[in-house]
Amino acid sequence: MPTAVEHPVFSRVYKMVSSWQDAVGGKTHRKKMLSGLEGRVIEVGSGPGMNFAHYPTAVTSVVAIEPEAHMRKMSSEAARQAPVPVELREGAADSLPADDASFDAGVSSFVMCSVPDSSAALSEMFRVIRPGGELRFYEHVRAFHAPLDTLQDLANLWWPKVGGGCNCNRDTLAAIQAAGFQVQECRRFYFLPCPLVAPVAPLILGRALRP
């Protein structure tokens with residue numbers, strides 16, 4: 001199954017946007033998502049490696065999956081500065097290069113919006129996380145209230161074309177639950193550092209148990 005993805009222009013823009021968002025509050029969200037993690041972790045769609053600096057030292061290793069070559073190169077650079085060992089692997093979210101129940105936790109941040117099939121990706125996460133392990137998530141999702149949800153539907157006619165395949169109106173929380181995870185904690189909030197990112201302002205941040 002092919003795993004390579006090429007978005008050379010978007011990957012560079014995404015790194016700049018992510019750095020800016022982290023500077024105005026996103027970094028706090030990432031730290032919250034990763035707080036308390038330990039053991040062996042798989043991160044799906046590591047992008048430019050924005051999470052790596054915030055892993056607690058109780059994490060023994062991180063396997064980071066990233067299909068896009070330019071993103072993976074940026075992830076490799078970030079991995080060298082991480083406080084924990086990070087191994088980069090090329091792979092697709094719907095076919096993870098990992099054994100069943102081989103991780104204590106999984107991490108997904110700003111990923112389920114852009115994978116071709118979020119249900120398949122979350123089923124794979126369920127497969128590779130051990131029973132009793134956790135899924136940590138920080139994702140933008142379908143709006144919690146009207147009329148923003150309708151505006152997202154309209155925006156999504158063009159948003160994926162300029163956003164590297166990102167869909168701004170997916171109900172990722174429902175997909176997490178449908179994959180079999182039991183949500184233990186979930187904060188829903190709006191993060192709008194700039195009006196241009198209004199379609200992706202609704203966020204969820206939390207953790208779910210793999211029973």
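The values are calculated or read from the model by the stated rules, or taken from the named source; none is laboratory data. Keep in mind that what you see is a predicted model, and the values were worked out from it rather than measured. Note that we place each Cβ from the backbone using ideal geometry, even for glycine, and neighbour counts take in every protein chain shown.
Filtered by the rule that a residue be among the hydroxyl-bearing types (Ser, Thr, Tyr), surrounded by fewer than 21 Cβ atoms within 10 Å (Cβ to Cβ) and closer than 20 Å to Ala121 by Cβ, the stretch 70-107 gives Ser95, Ser102. Comparison of Val141, Val162 shows that the only residue that is at pLDDT below 95, over 13 Å from Ala179 (Cβ atoms) and β-branched (Val, Ile, Thr) is Val162. Considering the stretch 175-193, the residues that are in contact (Cβ under 8 Å) with a residue 12 or more places away in the chain and among the aliphatic types (A, V, I, L, M) include one that is farthest from Asp94 (Cα to Cα), namely Val183.
Per-residue answers, yes or no, for (1) at pLDDT 95 or above; (2) closer than 22 Å to Arg12 by Cα; (3) part of a loop (DSSP other than H, G, I, E, B); (4) of a type outside the set (Phe, Trp, Tyr):
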position: Asp104; (1), (2), (3), (4): yes, no, no, yes
position: Ser108; (1), (2), (3), (4): yes, yes, no, yes
position: Ala121; (1), (2), (3), (4): yes, no, no, yes
position: Arg130; (1), (2), (3), (4): yes, no, no, yes
position: Arg170; (1), (2), (3), (4): yes, no, yes, yes
position: Arg188; (1), (2), (3), (4): yes, no, no, yes
position: Pro193; (1), (2), (3), (4): no, yes, yes, yes
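Looking for something of a type in the set (A, V, I, L, M), more than 28 Å from Ser19 (Cα to Cα) and surrounded by fewer than 20 Cβ atoms within 10 Å (Cβ to Cβ) - is there at least one such residue anywhere in the stretch 153-167? No: zero hits.
Scanning the stretch 57-68 for residues that are of a type outside the set (D, E, K, R) and either without any contact (Cβ under 8 Å) to a residue 12 or more places away in the chain or under 13 Å from Gly164 (Cβ atoms) (or both) yields a single hit, Pro67. Here the stretch 144-156 is the region considered, the condition is being in a loop (DSSP other than H, G, I, E, B) and modelled with pLDDT under 95, and the residue that is nearest to the chain's Cα centre (by Cα) is Phe144. Scanning the stretch 69-89 turns up no residue that is touching a residue at least 24 places away in the same chain (Cβ under 8 Å) and under 23 Å from Asn169 (Cα atoms).
Of the set (1) in contact (Cβ under 8 Å) with a residue 60 or more places away in the chain; (2) closer than 22 Å to Ile204 by Cβ; (3) in contact with a helix residue (DSSP H, G or I) (Cβ under 9 Å, 6 or more places away or on another chain), all apply to Ala92 but (2).
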